[in-house]
Every structure is written in C-alpha cells, then in structure tokens.
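For reference, the structure is listed below as structure tokens.
The values are calculated or read from the model by the stated rules, or taken from the named source; none is laboratory data. As the structure is a computational prediction, the values presented were derived from the model and not from experiment. Note: ideal-geometry Cβ built from the backbone for every residue, glycine included; neighbour counts use all protein chains shown. In case anyone asks, the SASA skips ligands and DNA or RNA and just uses the protein heavy atoms, side chains included. Shrake-Rupley method; radii C 1.70, N 1.55, O 1.52, S 1.80 Å.
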Amino acid sequence: MVEIAYALYLMITIAITIWVARTLSKNGEVFLIQCFGHNAEVARSTNHLLVVGFYLVNIGFITLTLSLGAEPQTITETIRFLSNKVGLAVMVLGGMHFFNMGAVAQFGRKVNSWLYEQGLAQPVAK
C-alpha cells in the first residue's frame, strides 16, 4: 500500500507541475514580451529560465515531502495521505506562481524603463 501511495503521489504532483509549467510558459510569454520592451528574444530566454527554476524548486519540494508524515496502511489513510501531500504541493505551486509574477513584473518594469531611456522601447503604462 505504501509503495502505491508514493507512486500515486509522485505521478499526480509531477503531472500537475508539468501542466502548470507549460500553461504558465505558453501564456506568460506575451506578458514577458511586454515587460521586456517588446524584445521577444529576452522574453523567451527569461521564460525558459523561469520554467527551469520552477521545475527544480517544485520537483525538489515534491521529493523532499515524501518522507514527511506517517506512511499510510489502509485505503482511507492513503486517500488522506494523497490529499494532504497533493494539496500542499498545489499550494506551493500557486505560491511560486504569484512570487514569480511579482518578481517578473518588477524586474520587467526596470528593464523596460532602462530600454526606454536608451530609446529602445516604448513606455509601459503603470
């Protein structure tokens, strides 16, 4: 039972991590292009770096939390185990998303301001 619970936890959380990373990467590129003064190359590069960091932090968190808590022995305990661990992983994914969006927006405004001063970009509305 324990091995099945661990395997299910890893499959569910890694699948969610991959889906979230792909969704954010695909839909975030437009936002990043705007933040980086319409420089698509810088935006794509930043997007890729954010995705790699996102994977590293979340998969690291997922594997570290495997050892936390009591091992499930029954079906009911397995459901609780999966609910707690998957729920925690999803909360961390959400927190990472909001942190990344705030950091990228702040950094993007600074870059866009610098590009505007250099005459390489148009100002972004605040």
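Among the residues examined, residue 55 does not qualify as open to solvent by less than 100 Å² (accessible area, probe 1.4 Å) and more than 15 Å from the chain's Cα centre (by Cα). Of everything in the stretch 27-47 that is open to solvent by 90 Å² or more (accessible area, probe 1.4 Å) and free of Cβ contacts under 8 Å to residues at least 12 places away in the same chain, the residue that is farthest from the chain's Cα centre (by Cα) is 41.
Hey, residue 118 hits all of (1) over 22 Å from residue 2 (Cβ atoms); (2) over 20 Å from the mean Cα position of the chain (by Cα); (3) open to solvent by less than 80 Å² (accessible area, probe 1.4 Å) but one; which does it fall short on? Every condition holds for residue 118 apart from (3).
Number of residues in the stretch 60-87 that are surrounded by fewer than 16 Cβ atoms within 10 Å (Cβ to Cβ) and hydrophobic (A, V, I, L, M, F, W, C): the value is 6. When 98, 54 are checked against the criterion of being out of contact with any Phe, Trp or Tyr (no Cβ under 9 Å at 6 or more places or on another chain) and in contact (Cβ under 8 Å) with a residue 40 or more places away in the chain, 54 stands alone in meeting it. As a summary of the residue check, residue 73 satisfies the conditions (1) modelled with pLDDT of 85 or more; (2) part of a helix (DSSP H, G or I) except for the one numbered (2).
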